[in-house]
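Beneath this line is the structure, given in structure tokens, with notes to follow.
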Amino acid sequence: MSNAHASVSASASDRAYAVIRGLILAGELAPGAPLGEVALAQRCGVSRTPVREALRRLESELLVVRSESQRTFVAQWSLDDVADAFELRAIAESLAARRAAQSMTPEIIENLQKYCDAIEDATASEKPDVEAFLEANRGFHMLILDAAASPRLAAVLATLVEQPVVWRTAQTYSRDELRRSHREHCELLGAFARADGAWASDIMSAHIRRAYHAYADAHGSAVDTEAQKKVG
């Protein structure tokens, strides 16, 4: 295979990966939904081979599962699965926060403040802008990870932070919960400004744990609602 052909193939695979992953994270491909290669190839504007490669990458990230018959589906997460993911994320992100606190510069603090301001703007109105909140929240956390300068932590968090559960959790937040999340980001900023790794680590761990309980509460409500529909 020539270098040019390999480059085109990689580009097509990356495009398919980005499109399919985006559809899963946005909830347009629901948990348990079948992932047909032909339909996905048409949607991504590529051939089936790049789609197949993209699905393998997504399977390694636990966003996609393959059945014994080799059919592919969007992964379904039980509450226990979600608890595991959040627990691992709390450990990894609190460590990242501790390390990042020792590497803070005025420029990083300034950029964190910009994300914090964007989170505040997204949560200020009576109907919060959840998409803007998610974008700013992701930027804030990615900047911390960059400052931690740990490729191993980055590799671990790549399969945890971007799980669709993060998107679904934010969708269930009330305005008060979103505002509380903003305050926690401000507290993290305060810890970073003082280069206090222990403080930053504690805040981050509590921040992630609270997000899990918000998801668990919403999950319980959804289960109760579904049960009531069946009884009715």
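The values are calculated or read from the model by the stated rules, or taken from the named source; none is laboratory data. Keep in mind it's a predicted model, so treat the numbers as computed, not measured. Here the Cβ positions follow ideal geometry from the backbone for every residue, glycine too, while neighbour counts run over all protein chains shown. When the accessible area is computed, the model is the full protein with side chains, heavy atoms only, and any ligands, DNA or RNA have been set aside. Shrake-Rupley method; radii C 1.70, N 1.55, O 1.52, S 1.80 Å.
Annotations for the structure displayed:
- Just one of (1) open to solvent by 50 Å² or more (accessible area, probe 1.4 Å); (2) at pLDDT 95 or above; (3) assigned by TED's automatic domain parsing to the domain that holds G32 fails for S47. It is (2).
- For segment 71-83, the set of residues classified as surrounded by 13 or more Cβ atoms within 10 Å (Cβ to Cβ) and modelled with pLDDT of 85 or more consists of T72, F73, V74, A75, A83, listed by residue number.
- Residues being without any contact (Cβ under 8 Å) to a residue 24 or more places away in the chain, among the small types (G, A, S) and assigned to a helix (DSSP H, G or I) - total across segment 78-122: 1
- Scanning segment 57-70 for residues that are exposed (fewer than 14 other Cβ atoms within 10 Å of the Cβ) and in a helix (DSSP H, G or I) gives a single hit, S60.
- Exclusive hit being open to solvent by 70 Å² or more (accessible area, probe 1.4 Å), assigned to a helix (DSSP H, G or I) and either assigned by TED's automatic domain parsing to the domain that holds M204 or at pLDDT 95 or above (or both), set E126, E135: E135
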